[in-house]
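A short write-up of the structure that comes next.
Every number in this text was worked out from the coordinates using simple rules, so none of it is lab data. Small disclaimer: the values here were computed from a predicted structure and weren't measured. Note that we place each Cβ from the backbone using ideal geometry, even for glycine, and neighbour counts take in every protein chain shown.
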Amino acid sequence: MSSTALRMSTMFLRTLREDPADADVDSAKLLIRAGYIRKAAPGIWTWLPLGLRVLNKIETIIREEMDGIGAQEVHFPALLPREPYEKTHRWEEYGENLFRLKDRHEADYLLAPTHEEMFTLLVKDMYSSYKDLPVVLYQIQTKYRDEFRPRAGLIRGREFVMKDAYSFNIDEEGMRKAYYDERGAYERVFQRIGLKYVPVFAMSGPMGGSASEEFLAPMPIGEDTFALAPSGKAWNVEALHTPELPEVDCSATPAASKRPTPDAKTIDGMIALANAKYPREDGREWQASDTLKNVIIAVKHVEDEEHDSPWREIVAIGVPGDRQVDMKRLEAQFAPFEIEEATPEDLKTYPELVHGYIGPMVLGPQREAAGLKKPLRYLLDAHVVKGSAWFTGADENEVDYYDLVYGRDFEADGTVEAVEVRHGDMSPDGSGPLSFERGVEIGQVFQLGLKYSKALDLKVLDQNGKTVPVWMGCYGIGVSRVLACVAETHHDERGLAWPAVIAPAQVHVVATGKDQAAFDAAEKLVEELESRGVEVIYDDRKKVSPGVKFKDAELIGVPLIAVAGRDTVNNGTIEIRNRDGSDSAAVPAAEAADVLEARLKTLLGE
Ligand code: ATP
Ligand code: MG
């Protein structure tokens, strides 16, 4: 008995010839047109039988790899109380992305965007000793985020399926091992699914850049940009650190001098004036890269030991004038705090800062000598090296300094990554110039350290009977997003073209014409394939033209197509071809199942 679930005559399916008007990327257009998903609301999707089959296959691969590293599956509710998220400040910090709601008793609830709090509390609830550890838990579950702009179909949804895993270890070393286990499982998952991925360093922390990595699937519609080194290593822009640049010998640099520079508040103005009025002795032109631009920012700290309410720290940042400040990169340096440009109110509290002429001599360590008491931290971008001479503000209206040397004439309180990264900049690993690519984040692995265990008081007794917080990691895969990314990277103008491992079925059998003999031959092939464990979509529709059937088969995108029609009736052959159009062959009907099975093995890499 063959199954009837995947017969086109009864399957719950309606394919569309036209692209849906509001679908913005190929994967969304094709998944809707081929009958995998339907839109329920912006960023919220209904799964149809075909879509669900692919999703389940991806989930199975993820489960196998999670179970393979010893992770245990659990399942949390999506509807959660406010309290745990209050304790970690995320009830507020998540901002407008969090779906908040009230129950009938006016108690606050949320639809979980991610589950760190709940996993932490569950382990706290059940475990109390180092003997209980290590443990890794995971779930595959529906998440909710009220994304500002849901887009690209399943790629940025407001309801989506995520695999999230959490590791719990007694020490940091254990956490690192759990991280690398999970990372390894991710590589196997994406390799098995057939999705190209790049692990991208997401944070340049004290742990050598391995505290977090994002797995990006490279594709032009991606919203994330990553920088790629010739070595194959990749960083997101916030995590890039400038390789250490050599100090400059300043023994021949003239003494610093103050010069009048009227009407030269902008970098361009400074350069034009310098070249006209103060040409250099060696004939080199003044350039924007000779100027040191000092920008004032505010760091928005939360309350701490010295401040009982949130407070603003004003900080001066010195950057070469030929590079723009990259506020996102700069902000990453002050994480978890946000930053913004200093407001006129902020600047009023430092009246010595002369607009357009701010220079190092009133910033950071220089302030005391300038007779200023109130501190103002001064940080230099990593491109400003010791011994380099600068043309910069002299903290007087219409006056600039020339030949002001870092390390000779002024110092700073530290170094930061403040400026934009450019195509061609040297990569952090020194392997050559960086280039930029776009990608979609399909997963992330994260060493959380003690953040959540401290916030939620997850402690256990160690070997010496001492209470210690638990080292945690968290690891996410966007399951529904992965499905869309495969569709986005595996299709042509005629439709989807799934890798065999996750295709909704493996063979699409089409019976054409009016002759019952063709349908009988097709039916026999379907039964033979199913008895061998091959999954088949069978287009058994009567009164549907061959052209429509072929179009549907190519739209749906099953990797192998077999056609029984006139040739079957006349010559006893069945036509077999791969979805990508390759290797079309007419084979005797009795051999069709063997040929298809052999091709399938090749496609599955068996
Ligand atoms: P993004 O930067 O794309 O918004 P994120 O870093 O906020 O993602 P995580 O909190 O790391 O996302 O969630 C784990 C995984 O869940 C992500 O790597 C991604 O694959 C997936 N994901 C996140 N947001 C969405 C969404 N709105 N729709 C579908 N999948 C998502
Ligand atoms: Mg992420």
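A few notes on this one:
- Whichever lysines have a C-alpha closer than 17 Å to that of LYS277, once near sequence neighbours (fewer than 8 apart) are set aside: LYS258, LYS265
- For the chain, the longest principal axis of the C-alpha atoms and the axis of helix 267-277 are separated by about 40°.
- The value of relative contact order for the chain, using C-alpha pairs under 8 Å at least six residues apart, is 17 percent.
- Cα centroids of the range 427-475 and the range 566-590: 54 Å apart.
- Point-to-point label distance, LYS348-ALA369, nm (Cα→Cβ direction, 7 Å offset): 3.2
- Cα centroid of the range 204-274 to Cα centroid of the range 1-60, whole Å: 45
- Helical runs assigned H by DSSP (4 residues or longer) give the chain a calculated mean residue ellipticity at 222 nm of -8000 deg cm²/dmol, each run adding -39500 (n - 2.57) before division by the residue total.
- Pairs over the 19 Å Cα-Cα cut-off, from the set LYS39/LYS143; LYS124/LYS459; LYS124/LYS177: LYS124/LYS177.
- Stokes-Einstein D for the range 490-549, Kirkwood Rh over Cα pairs, 20 °C, 1.002 mPa s (µm²/s): 168
- Put a dot 7 Å past the Cα of GLU281, heading toward its Cβ, do the same for LYS328, and the two dots end up 4.6 nm apart.
- Hull volume per residue, based on the alpha-carbon atoms of the range 257-416 and their convex hull, is 115 Å³.
- Sequence-distant contacts, meaning Cα pairs under 8 Å at least 6 residues apart, place the relative contact order of the range 230-363 at 23 percent.
- A straight Cα-to-Cα reach below 18 Å connects LYS57 with the lysines LYS163, LYS196, LYS601, residues fewer than 8 places away in its own chain not being considered.
- Note on LYS348: aspartates and glutamates with a C-alpha under 17 Å away, same-chain residues under 8 apart excluded, are GLU313, GLU340, ASP395, GLU396.
- Cα-based helix-to-principal-axis angle, 589-603 vs the chain, degrees rounded to 10: 20
- Cβ-placed point charges (K, R +1; D, E -1), dipole of the chain about Cα centre in debye, nearest 20: 1920
- Put a dot 7 Å past the Cα of ALA40, heading toward its Cβ, do the same for GLU106, and the two dots end up 3.1 nm apart.
- If you sort the three axes of the alpha carbon gyration tensor as a ≥ b ≥ c, you get a/c of 1.5 or more for the range 99-222 and a/b no higher than b/c, which makes it oblate.
- 5 angstrom amide H check on LYS293, placed H, neighbours 5+ away: VAL319, GLY321
- Prolate/oblate/rounded label for the chain (Cα gyration tensor, a/c 1.5): prolate
- Inverting the pair-averaged 1/r between distinct Cα atoms of the range 505-604 gives 13.1 Å as its Kirkwood hydrodynamic radius.
- Judged by the ratio a/c of the largest to the smallest principal axis of the C-alpha gyration tensor, the range 93-171 counts as oblate, that ratio being 1.5 or greater while a/b is no larger than b/c.
- Alpha-carbon centroid distance for the pair the range 116-177 / the range 361-398, whole angstrom: 45
- Mean sequence separation of contacting Cα pairs (under 8 Å, at least six apart), scaled by the length of the range 490-543, corresponds to a relative contact order of 38 percent.
- Amide H partners (placed H, <5 Å) of ARG377, local residues excluded: ALA316
- Against the chain, whose longest principal axis is taken from its Cα atoms, helix 172-193 shows a tilt of about 40°.
- Difference of contour (0.36 nm per residue) and Cα-Cα distance, THR602 to MET126: 166.6 nm
- Sequence-distant residues sharing a close amide H with GLN506 (under 5 Å, placed H): GLU535, VAL536, ILE537
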